[in-house]
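Student: I'd like to ask you about the structure that follows.
The values are calculated or read from the model by the stated rules, or taken from the named source; none is laboratory data. Please read these numbers as outputs of a predicted model, since none were measured by experiment. Cβ coordinates were reconstructed from backbone atoms using ideal geometry, including for glycine residues, and neighbour counts include every protein chain displayed. Ligands, DNA and RNA are stripped out before the accessible areas are found, and what is left, the full protein with its side chains, is counted by its heavy atoms. Shrake-Rupley method; radii C 1.70, N 1.55, O 1.52, S 1.80 Å.
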Amino acid sequence: MKKRKVLSILLTCALCLPAAGTALAEESSEGSYTPGNYTASSIGHEDGLTVTVTVDETSIVSVEVDASNETAEIGGAAADELAEQILAVQGTEIDGVSGATETTEGVKRALADCLDQAMGTTGGEQTALTDGTYTATSPSFGLTSQMTCKITIEGGAITDIAVVEESDSATGEWFASAEELYIPRVIESQSLAVDAITGATTSSNAIRNCVADAIDQAGGDSSEWYTEIEKSSETVVIEDYDVIVVGLGGSGILSYCAAADGGATVFGIEAAGKVGGNSVCTYGPMALNSEYLKELYTDGEDYIDADAVYETWMEYVGSDEKADVISEAVYNSGSALDYYVENFGFEFEGMGLLGSFVVPEWTQLWCVYSADEDNTSWNILGPNKTFQFTRALDIANEMNEKNQYMTELTADSLIFDEDGNAIGVTATYYDGTTYEIYGKSIILATGGFLGNDEMMVEYLGSTVNSIGDTVNDGTGIQMGISAGGATYMMSTLPMVHISQVKNIIRTDDLTADQKAILSALALTTDQTMITNEGNIWGNENQSGTTDEGVTVEIVYAPDYMYYVVYSQEDIDNIRTSGLSETQAASVSSFLSQGGTLPEAGTPVEDIDEILAVGEEYDDVIVADSLSDLAAAIGCDEANLTAALGEEDTTWYAVACCSYAYATVGGLDVDVNMNVLREDGTPIENLYAVGQDSEGVCNVDGAAYTPWGGQAQSWTFVSGQIAGTQAAAYALAQ
């Protein structure tokens, strides 16, 4: 995320082009602006995209684009270039940045607002629309196709929005909340300024883009449809709960259920439009010698040596400081699963689907969530399982009529009494309403800090691409720290199993088969690979993958990525002689875009087109010399020369980046999941589960314990313990 400022640049008259889409060049020469600074905001990929301009009587002299809410690698990175384009064209008719369409359009809208202010004009009535049904298409979250919508306009109003084609639901389970929540709000408000649904931002924005396109097709001007949505200023106070659960991903839901089963009244807070968090993008949990699974698969016999898992785990972390916690993680993984199967209707199957990533003999380490009754409800990340989580919450709510949870309610901070004890949580509903929720025990389950760029840089040195949603923005960890809690192993490397190009191309700028080739160029292991420091990437497993194609080692590369480098001769050879055997077998686990790679030896005549589009999306660097390549990468030329030699050629560096499920380091907790202070004493009514505390099972600077299903198992183990303990504490008060 970046805030970009381009200092004042006085342009010559030759560069003084129209100031805005409605401002003629001759008007500028007559002095159409009132000199000064003007600021306006709009919606890009996220809300809060801000443009500030300084103008004299005839021109824009400086531009500041604040894209700090945008995705760092895409919208945030585009801010500089967009500001430069605005200065060059002196108005909104900019080319924009490939791959950052939403940010580009948001900047143009905010700029137009600024220039209207400078000219003393205000928006008038909306341009009349022609009734009809219009079809529009937009890139979205889906990997294999864009989203297509049919939008009906009657009497100048939007009366229906139907998504008729999408692959978002094949890419994950988040799309449903956009369809169910966002569409009705747009129709009700008749505004494109409706906030995207948290946890389904990309899908929401795609729907918005389709509606905007339809408005333009109908003869209107979609920029006129960003009517501000009034926010509530009300404060609602909710009191007398035993347990408050902050975050309803997997660990929060399981905590909620165990607390309800313990006799507590429970209130749940979830920022996203649906429950489940990133637990919905996992196959399933590790479960050692579960009675449920033994009955299904092994005639009641133990199916794995739990002692061996424990000993391997302890050797991996290299310390017995958290031996009691790790013991719970190992020996109660099966019993915790059994508890939720018996009491809350969870179902599992498919043992041995992948086995362990690091110990091949552990072939029955984890299990897979059951899909729906017809076993047809699957996406690229496994069986759809939200229905299992919502069913469990329904069972928990039946235990006490007071139990309730709210989605689209974002926790902000803890509430403390005069003695500094946490007694509640403040939160903001999507409509602006402030909630103050009071309870005796608080469980933090917000999913770590993958979505917080500042924390990622602070603790891990870099941001990283995400496989799931990024609602997990460190709120729970920050809340725990505010209560005096200590952190533990915050620099444990993120949970990475997948690699792909830096920016997945979701448009139709390339065909699916062309995208597959671009991915293969990034994922192959038979070319020289270099880090962003210019050094050969040569870990023990240089490819960064296991035999099953599951990424492990790339997490050790600087900034969790490397470049696969090709000379002009290499590219010419691919054009005429095709991909190598290794290249033709290089695919991304889970993040395939639906294309098919050509057989090895088949000429790739369109390789130049593929590389050119890859360059537009910042997936490929093209350089005419090693010096230029070093400058583009930002590395020492001497390192690059040592890695690649001194050949005088054009170089192509294809970025291979890791995609993470979550972070791992979090709050320090004891065996009861109580958050610990720096002195090791527990904060009696504060608990942390899931990714908010998984650092206690890991070690700084290393990949998280990659047994397979271990992190999802921690949601079950920590959730059961925290829910039970939080309920017991509250009921004893």
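Student: Kirkwood hydrodynamic radius, computed over distinct alpha-carbon pairs, for segment 63-179: how many Å, to one decimal?
Tutor: Taking the inverse mean of 1/r over all distinct Cα pairs, segment 63-179 comes out at 16.9 Å.
Student: Label-point separation (nm) for Glu361 and Gln568, each offset 7 Å from Cα along Cα-to-Cβ?
Tutor: It is 5.5 nm.
Student: Let me ask another. In segment 673-733, if every C-alpha pair distance is counted and binned at 5 Å from zero, what percent goes to each bin?
Tutor: Spelled out bin by bin, segment 673-733 gives 3, 17, 24, 22, 17, 10, 4, 2, 0 percent.
Student: Any idea what Rg and Dmax come out to for segment 283-424 if you just take the C-alpha atoms, in Å?
Tutor: 18.8, 58
Student: List the extent of the Cα atoms of segment 123-231 along each of their three principal axes, largest first, rounded to whole Å.
Tutor: Result for segment 123-231: principal-axis Cα extents of 40, 31, 18 Å.
Student: Moving on. Search the structure for amide H atoms under 5 Å from the amide H of Gly44, placed 1.01 Å from N in the peptide plane, and list their residues when 5 or more places away or on another chain.
Tutor: Excluding prolines and chain starts, which carry no amide H, the hits are Leu49.
Student: Highest mean first, how do 189-196, 228-235, 645-652 rank when packing is the count of other Cβ atoms within 10 Å averaged over residues?
Tutor: 189-196, 645-652, 228-235
Student: Using a Cα-Cα cut-off of under 20 Å, which aspartates and glutamates could be cross-linked to Lys294, ignoring same-chain neighbours fewer than 8 residues away?
Tutor: By straight Cα distance, Lys294 reaches Asp302, Asp305, Asp307, Glu328, Asp338, Glu342, Glu347, Glu349, Glu361.
Student: For segment 245-374, with only Lys/Arg (+1) and Asp/Glu (-1) charged at the beta-carbon, what is the dipole magnitude about the Cα centre, in debye rounded to 20?
Tutor: 640
Student: Restricting the calculation to Cα positions, tell me the Rg (one decimal) and the Dmax (whole number) of segment 636-694 in Å.
Tutor: Rg then Dmax for segment 636-694, in Å: 23.2, 66.
Student: Quick one: what does P(r) look like for segment 456-518 with 5 Å bins over all Cα pairs, in whole %?
Tutor: For segment 456-518, the pair-distance distribution reads 3, 12, 17, 19, 15, 10, 9, 6, 4, 3, 1.
Student: Apply the Karplus parameterisation 6.51 cos²θ - 1.76 cosθ + 1.60, with θ equal to phi minus 60°, to every residue of segment 658-666 and state each ³J(HN,Hα) to the nearest whole Hz, in sequence, with x for glycine and proline.
Tutor: Once rounded to whole Hz, the list reads 7, 10, 9, 7, 5, 8, 10, x, x.
Student: Across the Cα atoms of the chain, what radius of gyration and what greatest pairwise Cα-Cα distance (Dmax) are found, in Å?
Tutor: Radius of gyration, then largest Cα-Cα span, for the chain: 26.9, 89 Å.
Student: Still on this structure, I have one more. Give me the 1.4 Å probe accessible area per residue for the chain, excluding ligands and nucleic acids, in Å².
Tutor: 38
Student: Related question: For segment 225-308, what size does the Cα cloud have along each of its three principal axes, sorted from largest down, in whole Å?
Tutor: Its Cα atoms span 62, 39, 23 Å along the three principal axes.
Student: Report the equivalent ellipsoid semi-axes for segment 564-674 in whole Å, largest first, defined as the square roots of five times the eigenvalues of the gyration tensor built from alpha carbon atoms.
Tutor: 34, 23, 12
Student: A further question on this structure: Could you list, bin by bin from short to long, the percent of Cα-Cα pairs of segment 169-315 in 10 Å steps?
Tutor: Result, from short to long distances: 9, 22, 25, 21, 11, 8, 2, 0 percent.
Student: I'd like the antiparallel share, as a percent to the nearest 5, of DSSP beta bridges with both residues in the chain.
Tutor: Taking every DSSP beta bridge within the chain, about 75 percent pair in antiparallel fashion.
Student: Ignoring ligands, DNA and RNA, please state the percent of accessible area on the chain from carbon and sulfur, probe 1.4 Å.
Tutor: Within the chain, the accessible surface is 45 percent carbon and sulfur.
Student: Just from its helices, what would the mean residue ellipticity at 222 nm be for the chain, if runs of 4 or more DSSP H residues each count -39500 (n - 2.57) and the sum is divided by every residue, rounded to the nearest 500 deg cm²/dmol?
Tutor: One gets -9000 deg cm²/dmol as the mean residue ellipticity at 222 nm.
Student: Another question, then. For a distance above 21 Å, tell me the whole-number percent of Cα pairs in segment 349-470 that qualify.
Tutor: Everything past 21 Å amounts to 66 percent.
Student: Would you mind calculating the gained length between Ser482 and Thr121 on full extension (0.36 nm times residue separation, minus the Cα-Cα distance), in nm to one decimal?
Tutor: Gain in length upon complete extension: 125.3 nm.
Student: Restricting things to alpha carbons, find the Rg to Rh ratio for segment 620-733 using the Kirkwood radius for Rh.
Tutor: Checking Rg against Rh, the ratio lands at 1.32.
Student: Okay, next question. Could you give me the ³J(HN,Hα) list for segment 687-702, computed from phi with Karplus coefficients 6.51, -1.76, 1.60 and θ = phi - 60°, whole Hz, x at Gly and Pro?
Tutor: With coefficients 6.51, -1.76 and 1.60, one gets 10, 9, 9, x, 5, 6, 8, 6, x, 5, 9, 9, 9, 4, x, 10 Hz.
Student: Considering Cα pairs under 8 angstrom that are at least six residues apart, work out the relative contact order of the chain and quote it in whole percent.
Tutor: Averaging sequence separation for qualifying contacts and normalising by length gives 14 percent for the chain.
Student: Label-point separation (nm) for Glu436 and Thr511, each offset 7 Å from Cα along Cα-to-Cβ?
Tutor: Result: 6.3 nm between the two label points.
Student: Convert 25 °C to kelvin, take the viscosity as 0.890 mPa s, use the Kirkwood radius over C-alpha pairs of segment 409-524 as Rh, and evaluate the Stokes-Einstein diffusion coefficient in µm²/s, rounded to a whole number.
Tutor: 142
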